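Quick notes on the structure that follows.
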Amino acid sequence: MSDSSLINIGLSGVRAHQSALATTGQNITNASTPGYSRQRVNFETQVTAGAGTGLQGVLVAGVERIVDEATLSQLRLDTATSARLETLSQQVEQVDLLLADQATNLNRGFEAFFAALQSAAGMPTSLPARQLVLAEAEGLVMRFQSLDGRLREQSTAVTRRAQSEIDIVNRLAAGIGELNARLAGLQAQDPNSNALQDQRDELLRQLAEHVDVRTVAEGELGMNVFVGKGQALVVGASVRTLALAPTGEVQLRGQDGNGNMAVDIRGGSLGGLLGFRDQTLNPVISELGRLALAFAGTVNEMHAEGLNLRGDYGGNLFAELNTAAAMENRVVAANAAGNGSGVVLGVRVDDPAALVASDYRVRFLDAGETFEVRRERDGLVVASGSAGTSRPLAVSFDGLSLEIGAGEILSGADFRVTATALGVSNLGVALGDPRDLALASPVAVRAGDANQGSGRLALSSVDDVTGPLFAGDGELLPPLLVRFTSADRYEVLDATDALNPRPLEPPVWGVPFVPGGVQALLPDSGTQVVVADGQDANALPA
């Protein structure tokens with residue numbers, strides 16, 4: 001019996017270490033296998049039931065994977081962060097190269113336009129100089145449109161790649177769910193479970209390259225996967241899918257395709273794409289549009305105050321910013337209630353210089369009775385009020401006016417306002433004839449013949465040519481006489497009768513004067529501004 005026991009004990013040791021050698025061979029063979037975890041054999045004393053010691057040698061208790069879950073979690077986190085930053089860097093570099101390229105950026109376009117404008121102002125009767133201004137204006141518009149087109153092409157490419165990333169995420173999630181299902185039918189001691197767990201960990205690592213993931217173990221072999229801010233992507237064998245909504249939002253959908261839920265993806269290459277789109281690309285497109293609107297609007301305002309070769313006011317040099325179509329295109333429904341509402345909305349650009357490079361959300365509350373306008377860039381409510389039934393009505397914010405027309409408004413209706421991002425699409429040159437270019441000031445300044453001082457006055461700008469002062473054809477109504485009553489005070493008189501000027505109604509006298517400064521010629525109305533240096537003790541007819 002003793003000899004038999006010794007033989008059995010020896011045989012158990014041979015078999016156990018044979019298993020250990022086989023496991024060592026398995027480790028060596030799979031040293032280069034992606035995702036493979038080193039394994040080791042665990043031994044325990046083999047004991048039989050019954051009288052006596054019952055010692056029967058050694059027993060293989062199981063084959064264990066040598067893994068550290070904390071290290072795996074950190075690896076996934078670092079993988080997601082690295083993939084996000086790499087993707088973000090690649091996309092930002094494309095924008096940087098585009099905007100820095102002298103052949104395509106706006107610097108040379110602006111320089112050429114203003115140089116041509118300056119040249120034409122020095123030769124206002126030269127038709128070739130005037131034609132050059134229009135040609136450079138067209139060239140500047142083309143630069144705006146080229147930049148905007150390239151940026152929108154990149155936006156389209158980002159959307160396509162984001163959809164591809166989502167497809168990969170869904171495929172990997174389905175694989176993880178399938179492995180969870182297979183592992184659910186195994187015991188932890190089953191050697192086959194090690195290979196399946198290795199495969200699952202490798203899929204999780206690959207998943208972390210695309211999205212940020214967190215895992216929670218379930219039972220001995222189960223693994224649940226969460227994305228975003230804790231939304232479940234895989235729970236056991238149940239798998240949900242990601243989808244890209246038409247608004248660009250990433251949603252998490254159930255197995256039946258219902259129960260859509262917005263998910264905030266920050267990590268991985270998908271997070272890098274979404275972050276680039278929302279934090280870099282879209283703001284750049286909006287800033288470019290804001291620049292186009294501000295430039296065109298400011299030039300149009302100044303051009304409308306000048307006179308062309310025909311003696312008429314200039315009107316718009318660039319295309320009108322507030323056509324009916326442009327105003328309506330700036331507002332689109334953002335939900336089903338918005339689509340179902342019959343209200344007509346439009347957005348007017350009132351002050352191009354005050355525009356903010358941001359979209360806005362208009363939400364109607366309380367059965368459509370009230371509304372609020374929220375700026376998406378910082379979440380600030382910039383306007384609110386009552387829609388009521390007395391419409392149309394307009395509400396102003398950030399250089400824009402939201403015009404709410406007649407029609408039914410459903411409760412919860414949501415609309416998106418996009419003004420600056422569409423700025424380049426509204427840009428164009430309105431003038432075709434160089435003779436229509438308004439280079440002359442509507443007001444001429446002439447020094448009095450009897451002036452003895454060394455000072456002079458020069459017109460800086462005309463703020464508004466729609467007032468009654470400019471109602472006459474080719475003359476001010478009335479013509480003005482600026483007379484200095486002291487070295488630092490002047491009065492403005494009605495010079496209809498040049499030999500007998502009389503006070504304006506109301507009188508403008510005792511106006512402070514600062515040599516070398518810029519001030520309103522008519523402080524109360526603010527219709528003109530003069531630039532002055534030195535002193536003029538006599539009169540200056542206008």
How high is the relative contact order of the chain, given as a whole-number percent (alpha carbon pairs under 8 Å, six or more residues apart)? 11
Rounded to the nearest 10 Å², what accessible area does Met261 show when all protein chains are kept and the probe is 1.4 Å? 70
Rounded Å value of the spacing that divides the Cα centres of the stretch 318-359 and the stretch 1-47: 75
Indicate the gyration tensor shape class of the stretch 64-150 (rounded, prolate or oblate), computed on the Cα atoms with a ≥ b ≥ c the square roots of the eigenvalues: a/c under 1.5 is rounded; otherwise a/b larger than b/c is prolate and the rest oblate. prolate
For the stretch 177-294, shape from the Cα gyration tensor axes a ≥ b ≥ c, cut at a/c of 1.5 then a/b versus b/c, turns out prolate
Neighbours of Glu218 by Cβ distance under 14 Å: Lys/Arg at +1, Asp/Glu at -1, summed charge 0
With the dipole of the chain worked out from charges on the C-beta (+1 for Lys and Arg, -1 for Asp and Glu) around the Cα centre, which of Gln251, Val216, Gly517 lies farthest toward the positive end? Val216
At a threshold of 8 angstrom on Cα-Cα distance, excluding pairs fewer than six apart, so keeping six or more, what relative contact order does the stretch 8-127 reach in percent? 19
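Between Asp366 and Leu186, what's the calculated FRET efficiency when r is the beta-carbon distance and R0 is 51 Å? Round to 0.05.
0.30
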In whole Å, what three semi-axes, largest first, describe the equivalent ellipsoid of the stretch 242-321 built from its Cα gyration tensor (square root of 5 times each eigenvalue)? 48, 14, 6
Arranged from highest to lowest average of other beta-carbon atoms within 10 Å per residue, in what order do the peptides 156-163, 420-427, 233-240 appear? 420-427, 233-240, 156-163
Relative contact order for the stretch 261-392, counting Cα pairs under 8 Å that sit 6 or more residues apart, in percent: 16
Roughly speaking, what % of Cα-Cα pairs in the stretch 142-227 are separated by over 19 Å, rounded to a whole number? 52
Just from its helices, what would the mean residue ellipticity at 222 nm be for the chain, if runs of 4 or more DSSP H residues each count -39500 (n - 2.57) and the sum is divided by every residue, rounded to the nearest 500 deg cm²/dmol? -12500 deg cm²/dmol
Using the basic label-point model (7 angstrom from Cα toward the beta carbon), what is the Ile66 to Leu6 distance in nanometres? 3.5
The chain - charge dipole about Cα centre, Lys and Arg +1 at Cβ, Asp and Glu -1, debye rounded to 20: 1500
Placing +1 on the Cβ of each Lys and Arg and -1 on the Cβ of each Asp and Glu in the chain, which of Phe371, Ala184, Leu493 has its Cα farthest towards the positive end of the resulting dipole? Ala184
P(r) for the stretch 1-143: what percent of alpha-carbon pairs falls in each 5 Å bin, starting at zero? 2, 8, 9, 8, 7, 6, 6, 5, 5, 4, 4, 4, 4, 4, 4, 4, 3, 3, 3, 3, 2, 2, 1, 1, 0, 0
For the chain, what percent of Cα pairs sit more than 47 Å apart? 43
Check every DSSP H run in the chain and write down those whose alpha carbon atoms cover 15 angstrom or more along the long axis and whose mean Kyte-Doolittle hydropathy is -0.5 or greater. 2-29, 69-100, 107-122, 127-183, 282-304
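If you take every residue apart from Ala22 with its C-beta less than 13 Å away from the C-beta of Ala22, what net charge results, scoring Lys and Arg +1 and Asp and Glu -1?
+2
Compute the signed sum of charges (Lys and Arg +1, Asp and Glu -1) over the other residues within less than 10 Å, Cβ to Cβ, of Phe364. Please list the in-between numbers first.
Working: positive: Arg363; negative: Asp366, Glu369, Glu372, Asp414.
Net charge in that neighbourhood comes out at -3.
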Against the 2.2 N^0.38 Å scaling, with N counting residues, where does the stretch 318-415 land? I'd like the Cα-based Rg ratio to two decimal places. 1.03
Can you tell me what the convex hull of the Cα atoms of the stretch 223-372 projects to on average, as an area in nm²? 13.4
Using +1 at the C-beta of Lys and Arg and -1 at the C-beta of Asp and Glu, which of Ile265, Gln154, Gly10 has the Cα lying farthest in the positive direction of the dipole of the chain? Gly10
Taking the simple approach of a point 7 Å from Cα along Cα-to-Cβ for both Glu505 and Val344, what is their distance in nm? 4.2
Ala20-Glu376 pseudo-label distance in nm [points 7 Å out on the Cα-to-Cβ vector]: 6.5
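The values are calculated or read from the model by the stated rules, or taken from the named source; none is laboratory data. Here the structure is a predicted model, which means the values were calculated and not measured. A quick note on method: Cβ atoms are made from the backbone with ideal geometry, for glycine too, and the neighbour counts reach across all protein chains shown. For accessibility, only protein heavy atoms count, side chains too; no ligands or nucleic acids. Shrake-Rupley method; radii C 1.70, N 1.55, O 1.52, S 1.80 Å.
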